[in-house]
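Enquirer: There's a structure below that I have some questions on.
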Amino acid sequence: MQLKKPISGSLAAATCGLLGALPPAPVVAQEAPDWEIDTSLLYYGEDNGRVKDGSLMVSARRAFDEDRSLSLNLTVDSLTGSTPNGAVPANTVQTFTGPSGGDSYSIAPGEIPLDNTFLDTRVALSANWQQSLGEAMRWNVGLSSSDEYDYLHLGVNARLERDFNLRNTTVFVGAAYAQDDINPVGGTPVGLAPMFGEDDENEDDDDEGRNEKLSKDVMDVLIGVTQVLSRRSLLEVAYSYGKSDGYLTDPYKILSVVDPVTGFPVPGLADEVPYLYLYEKRPDSRAKQSLFAE
Amino acid sequence: MRASCLAISLLLFALSTGQAGAAAPTIESAAPAWSLLKSLTGKVVLVDFWASWCGPCLQSFPWMNDLQQKHADEGLVVVAVNLDQEPALAEAFLKKLPAKFRIEYDQSGNIARQFDVQAMPTSFLIDRSGRVRARHAGFKDKYREERERQIQNLLKESPP
Amino acid sequence: MSRLRSGFLILAILATATLGGCASIGVEPWERNLHARADMQPDQRDAAIDDHIYFSKEASSGGRGFAGGGCGCN
């Protein structure tokens, strides 16, 4: 049974947002009348059977004249490997069931509880249009989308750049808005409700609940400046602010309940799951700021 | 809120000032003191500053070759000043794209400074009496017609 | 909210200082041969991959948005 993780969906939202099109390289229409296509392959792997990610990216770019260009990107991502399920290690064997029920896995004493039952494939598509506005200004608009079994991301982004000081300085501002829909495998667990196992009564199991679509809105703004410092160096500084609202919880993560005196897990409420674990619950909104310099 | 208002207005102010990469064409100013220009008085001179690493320069060469051939009899002289820091790269460029016009080398950038070059490529149109009549920054396909017309107008003027 | 304000203010000051006071920093238009090199161009794919990895390992992302640099032509 395959469990899907919404992490990579959030990833789509994170990366597609404000990176915009391929940069305005000095391409003149006559030099590149056709589509310029690039492919990249990424392998990311952590040790000890942890997360492994393989990605294939294909991007195509066409310059219509010196001022206008279109770029299209396709990414296919495949995530596998085990990942922590959120519970803490204990001095005893721990048993967990997956959100879809039916799967059950045990973790040896002292080991970090890892869930290795997932395989995730994501397809992401994005398109960007870039156009010059006068001699030293460019704007860029784009659409992004990403789809996997339990996560759908749709977004728009826009950017404006302006050059100053004989093009030694460039200021850019950007904004992105995305709407993500989450449809967890096995229905949506109620936050902070105990994990019961097969007979999980705390799952939203009325017909609406099992197929309940949850969503979140993400809004990002970005402002930055690039400055040529010398013949050989360049500095970029950028600040971004993001606000997410909606369902921000990871439906597949749980919390351990532990006795504060002994450190031992508290007994659970069902036979299949000997100890008490609660489904995670995160707040409804989150604000994020980041400062990047290179 | 006041701080963000301040930040936004600072940014808007900054965006509205500052120089763009290209300046408006200069009308009628004396050309810098350059001996080559003095020797070309009576001709219409197109002085183009270029470098081998500049994409639009690659595109402007065939156009300048064309111009030089078409209008040489009428008194047009195209002078392309190369600003490469490594002249060897300029020569490699010229092997790929031979120039049918005069090439000058200005590795130190002195001539470029005298002309106040603000973008790559930049070209200056100098009339028969040695005055700078136009300054063009950048090169795009859509600029060709307009610039060629300007050159033809200057060629119609009689020598001093 | 005050952290947001100070972050915004810092960047606005940085930006305007760069634009206003630093007109003398930089290079002449004809000195950009090294910036025009292919390996000095911002690579959107590399930036996307880096962001992907940082998000996966550290749940952090954002801030990247390169514009500018390069040969400065046209």
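Enquirer: For region A:83-115, name all the residues that are part of a strand (DSSP E or B) and either over 17 Å from A:LYS253 (Cα atoms) or away from every other protein chain (no Cβ under 14 Å) (or both).
Expert: Selection gives A:GLN94, A:THR95, A:PHE96, A:THR97, A:SER104, A:TYR105, A:SER106, A:ILE107, A:LEU114, A:ASP115.
Enquirer: Here's a follow-up. Please go through region C:39-53 and pick out each residue that is more than 18 Å from A:TYR43 (Cβ to Cβ) and over 14 Å from the mean Cα position of the chain (by Cα).
Expert: Within region C:39-53, C:ASP39 is the sole residue that qualifies.
Enquirer: Hey, another quick one. Among the residues of region C:27-44, count how many are within 13 Å of chain B (Cβ to nearest Cβ) and not in a helix (DSSP H, G or I).
Expert: 9
Enquirer: Taking region A:18-51 only, how many residues are within 14 Å of chain B (Cβ to nearest Cβ) and either over 29 Å from the mean Cα position of the chain (by Cα) or modelled with pLDDT under 85 (or both)?
Expert: Total satisfying the criteria: 11.
Enquirer: Name the single residue, out of those in region B:124-138 being more than 12 Å from B:VAL44 (Cα to Cα) and not small (Gly, Ala, Ser), that is farthest from the other protein chains (Cβ to nearest Cβ).
Expert: The residue in question is B:ARG135.
Enquirer: Please work out which one of (1) among the hydroxyl-bearing types (Ser, Thr, Tyr); (2) within 27 Å of the chain's Cα centre (by Cα); (3) surrounded by 16 or more Cβ atoms within 10 Å (Cβ to Cβ) is the condition A:SER132 fails and give its number.
Expert: Only one criterion is unmet by A:SER132, namely (2).
Enquirer: Sort through C:ALA15, C:ALA47 and tell me the only one that's modelled with pLDDT of 75 or more, within 30 Å of B:CYS54 (Cβ to Cβ), aliphatic (A, V, I, L, M) and not in a loop (DSSP other than H, G, I, E, B).
Expert: None of the other options fit; the residue is C:ALA47.
Enquirer: Please work out if A:ALA124 is modelled with pLDDT of 90 or more and either over 30 Å from A:THR262 (Cα atoms) or outside any strand (DSSP E or B) (or both).
Expert: yes
Enquirer: Okay, moving on. Can you name the strands (runs of 3 or more DSSP E) wholly within region B:65-160 that have at least 2 residues being hydroxyl-bearing (Ser, Thr, Tyr) and under 29 Å from A:ALA63 (Cβ atoms)?
Expert: The qualifying strands (runs of 3 or more DSSP E) are B:122-126.
Enquirer: Right, something else. For A:THR249, all conditions in the list (1) in a loop (DSSP other than H, G, I, E, B); (2) touching a residue at least 40 places away in the same chain (Cβ under 8 Å); (3) surrounded by fewer than 16 Cβ atoms within 10 Å (Cβ to Cβ) hold save one; what is the number of the exception?
Expert: (3)
Enquirer: A further question on this structure: Kindly evaluate A:ALA287 against the criterion of being in contact (Cβ under 8 Å) with a residue 24 or more places away in the chain, over 30 Å from A:TYR151 (Cβ atoms) and under 29 Å from the mean Cα position of the chain (by Cα).
Expert: So A:ALA287 does not fit the description; no.
Enquirer: With respect to A:GLY224, is the statement that it is within 14 Å of chain C (Cβ to nearest Cβ), touching a strand residue (DSSP E or B) at 6+ places or on another chain (Cβ under 9 Å) and either at pLDDT 90 or above or surrounded by 15 or more Cβ atoms within 10 Å (Cβ to Cβ) (or both) true?
Expert: Spelling it out, A:GLY224 is indeed within 14 Å of chain C (Cβ to nearest Cβ), touching a strand residue (DSSP E or B) at 6+ places or on another chain (Cβ under 9 Å) and either at pLDDT 90 or above or surrounded by 15 or more Cβ atoms within 10 Å (Cβ to Cβ) (or both).
Enquirer: Quick one: B:GLN85 ticks every box in (1) within 10 Å of chain A (Cβ to nearest Cβ); (2) more than 18 Å from B:ILE111 (Cα to Cα); (3) modelled with pLDDT under 90 bar one, so which box is it?
Expert: Here B:GLN85 meets the rest and fails (2).
Conditions tested, residue by residue: (1) within 14 Å of chain A (Cβ to nearest Cβ); (2) among the acidic types (Asp, Glu); (3) closer than 17 Å to B:VAL44 by Cβ.
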residue	(1), (2), (3)
B:TRP63	yes, no, yes
B:GLN68	no, no, yes
B:HIS71	no, no, yes
B:GLU91	no, yes, no
B:ALA112	yes, no, no
B:THR122	yes, no, no
B:TYR143	yes, no, no
B:ASN153	no, no, yes
B:GLU157	no, yes, yes
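Enquirer: Residue by residue through region A:123-144, note down the ones that are without any contact (Cβ under 8 Å) to a residue 60 or more places away in the chain and either over 18 Å from A:VAL173 (Cβ atoms) or within 14 Å of chain B (Cβ to nearest Cβ) (or both).
Expert: Within region A:123-144, A:VAL123, A:LEU125, A:ALA127, A:LEU133, A:GLY134, A:GLU135, A:ALA136, A:MET137, A:TRP139, A:LEU143 meet the criteria.
Enquirer: Taking the condition under 25 Å from the mean Cα position of the chain (by Cα) and away from chain C (no Cβ under 12 Å), does A:PRO251 pass?
Expert: Criteria met by A:PRO251.
Enquirer: For region B:42-74, which positions are within 12 Å of B:ARG147 (Cβ to Cβ) and among the polar types (S, T, N, Q)?
Expert: Scanning region B:42-74 gives a single hit, B:SER60.
Enquirer: Of the numbered conditions (1) within 13 Å of chain A (Cβ to nearest Cβ); (2) more than 13 Å from B:LEU97 (Cα to Cα), B:LEU58 fails exactly one; give the number of that condition.
Expert: (2)
Enquirer: Under 8 Å between Cβ atoms, which residue pairs at least 6 apart in sequence (or on different chains) link something in region B:99-124 that is over 18 Å from C:ASN74 (Cα atoms) with a partner that is in a loop (DSSP other than H, G, I, E, B) and polar (S, T, N, Q)?
Expert: The qualifying pairs are B:GLN107/B:GLN85.
The values are calculated or read from the model by the stated rules, or taken from the named source; none is laboratory data. Note that this is a predicted model, so its numbers are computed, not measured. All Cβ positions, even for glycine, are placed from backbone atoms using ideal geometry, and neighbour counts span all protein chains on display.
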